[in-house]
Amino acid sequence: MASPSPVGTKNPDARARLLSHFSQAKGTTEHGKKWDDLWRDGFMPWDKGFPSPALVDLLTERQDLFPKAENGRRRKALVAGCGKGYDVLLLGAFGYDAYGLEI
């Protein structure tokens with residue numbers, strides 16, 4: 001079974017559904033509920049089922065870009081809009097105290 005395509009030109013049906021879904025909202029105050037509705041329906045075309053490949057590359061190949069933890073403390077990371085938490089788990093595996101936020 002193929003992975004869902006990210007929203008965009010590769011999946012115009014998903015893009016159209018998202019535009020239609022959010023155009024029915026009465027202002028941005030309803031967006032949280034709209035995202036929740038999509039989640040409950042299992043409609044998440046942006047969910048690839050694995051961590052961001054760019055983040056994987058950064059953590060495995062470019063540790064020099066990250067500041068060192070001081071005084072034996074662990075580094076911390078916040079992943080806003082974490083979805084199912086793939087990036088949070090990846091960061092935790094690399095020794096971060098990782099936290100994810102999702103609406």
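The values are calculated or read from the model by the stated rules, or taken from the named source; none is laboratory data. Fair warning: this is a prediction, and the values are worked out from it, not measured in the lab. Glycine gets a Cβ as well: all are built from the backbone with ideal geometry, and neighbour counts include every protein chain shown. To get the accessible areas, we keep the full protein, side chains included, count just its heavy atoms, and leave off ligands, DNA and RNA. Shrake-Rupley method; radii C 1.70, N 1.55, O 1.52, S 1.80 Å.
A few notes on this one:
- Of the numbered criteria (1) touching a Gly at 6+ places or on another chain (Cβ under 9 Å); (2) open to solvent by 30 Å² or more (accessible area, probe 1.4 Å); (3) at pLDDT 95 or above, the one Gly81 fails is (3).
- Considering residues of the range 85-103 that are part of a loop (DSSP other than H, G, I, E, B) and under 11 Å from the mean Cα position of the chain (by Cα) only, the residue farthest from Gln63 (Cα to Cα): Glu102
- The range 18-50, residues that are open to solvent by less than 70 Å² (accessible area, probe 1.4 Å) and among the hydrophobic types (A, V, I, L, M, F, W, C): Leu18, Phe22, Ala25, Leu38, Phe43, Met44
- When the range 72-103 is filtered for residues that are in contact with a Pro (Cβ under 7 Å, 6 or more places away or on another chain) and aromatic (Phe, Trp, Tyr), only Tyr86 remains.
- Tally, over the range 51-75, of residues that are open to solvent by 70 Å² or more (accessible area, probe 1.4 Å) and in contact with a Leu (Cβ under 9 Å, 6 or more places away or on another chain): 1
- For beta carbons closer than 7 Å, sequence separation of 6+ or different chains, a first residue in the range 88-103 that is farther than 17 Å from Glu70 by Cα and touching a residue at least 60 places away in the same chain (Cβ under 8 Å) and a second that is among the acidic types (Asp, Glu) and part of a helix (DSSP H, G or I), the qualifying pairs are Ile103/Asp36.
- Residue among Phe43, Phe50 that alone is at pLDDT 90 or above, within 25 Å of Ala93 (Cβ to Cβ), not in a helix (DSSP H, G or I) and not small (Gly, Ala, Ser): Phe50
- Being in contact (Cβ under 8 Å) with a residue 12 or more places away in the chain, within 23 Å of Asn11 (Cβ to Cβ), acidic (Asp, Glu) and out of contact with any Lys or Arg (no Cβ under 9 Å at 6 or more places or on another chain) is a condition met by at least one residue of the range 25-44.
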